[in-house]
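All remarks here apply to the structure that follows.
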Amino acid sequence: QVQLVESGGGLVQPGDSLRLSCAASDRTSGTYHMGWFRQAPGKEREFVAGISRAGGSTYYAESVKGRFTISRDNGRNTVYLQMNSLKAEDTAVYYCAADRRFGGTKYADFGSWGQGTQVTVSS
């Protein structure tokens, strides 16, 4: 497993942008497919976006498609989630996840998880 640490969360207003980062513990992070999930209070953790090992393939939840962009820099062992046009319903704890299998959208599809970073969208 790989250790993951998220950062970049905060309090923003509707319509604002925010970029989350997920730093992996070592260089082997380039061998993992990565994903972002989120969990709002009282709700289940839900898939947000995923990216392949080399970054050539990405996929998104319908609720964020066109607003969020996932990317990675394997030289920096870091995955990013650029979030634009944020809405109140995007408020959640955002988690980074890693696995050697590609294409997962469920919690059980990822074997390594970070501790999460809080994103609050409010006026």
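The values are calculated or read from the model by the stated rules, or taken from the named source; none is laboratory data. Predicted model, so just to flag it, every value in this text is computed and none were measured. Neighbour counts are summed over all protein chains in view; Cβ atoms, including those assigned to glycine, are modelled from backbone coordinates with ideal geometry. Accessible surface areas use protein heavy atoms only, side chains included; no ligands, DNA or RNA. Shrake-Rupley method; radii C 1.70, N 1.55, O 1.52, S 1.80 Å.
May I ask you to list the residues in region 54-83 that are open to solvent by 30 Å² or more (accessible area, probe 1.4 Å), free of Cβ contacts under 8 Å to residues at least 60 places away in the same chain and assigned to a strand (DSSP E or B)?
Matches in region 54-83: T58, Y59, Y60, T69, S71, R72, D73.
Return only the number of the condition from (1) surrounded by 15 or more Cβ atoms within 10 Å (Cβ to Cβ); (2) of a type in the set (K, R); (3) modelled with pLDDT under 95 that R27 does not satisfy.
(1)
With F102, F110 as the choices, which residue is among the aromatic types (F, W, Y), within 18 Å of G30 (Cβ to Cβ) and open to solvent by less than 40 Å² (accessible area, probe 1.4 Å)?
One residue alone meets the criteria, F110.
Report, ordered by the first and then the second residue, all pairs with beta carbons closer than 7 Å, sequence separation of six or more or different chains, a first member in region 98-123 that is of a type in the set (D, E, K, R), and a second member that is in a loop (DSSP other than H, G, I, E, B).
Short answer, once both residue conditions are applied: D99/Y32; D99/F110; D99/G111; R100/Y32; D109/R101.
Just checking, does region 9-17 include any residue being under 15 Å from the mean Cα position of the chain (by Cα), surrounded by 15 or more Cβ atoms within 10 Å (Cβ to Cβ) and assigned to a strand (DSSP E or B)?
Taking region 9-17 as the starting set, the residues that turn out to be under 15 Å from the mean Cα position of the chain (by Cα) are 9-10, 17.
Narrowing the set further to residues that are surrounded by 15 or more Cβ atoms within 10 Å (Cβ to Cβ) leaves 9.
Still in the running and assigned to a strand (DSSP E or B): none.
No, the conditions are met nowhere in region 9-17.
Please go through region 34-53 and give me each residue that is at pLDDT below 95 and either in contact with a Phe, Trp or Tyr (Cβ under 7 Å, 6 or more places away or on another chain) or open to solvent by less than 30 Å² (accessible area, probe 1.4 Å) (or both), ordered by number.
R53
Of the conditions (1) outside any strand (DSSP E or B); (2) surrounded by fewer than 20 Cβ atoms within 10 Å (Cβ to Cβ); (3) modelled with pLDDT of 95 or more, L86 fails just one. Which one is it?
Just one mismatch for L86, condition (2).
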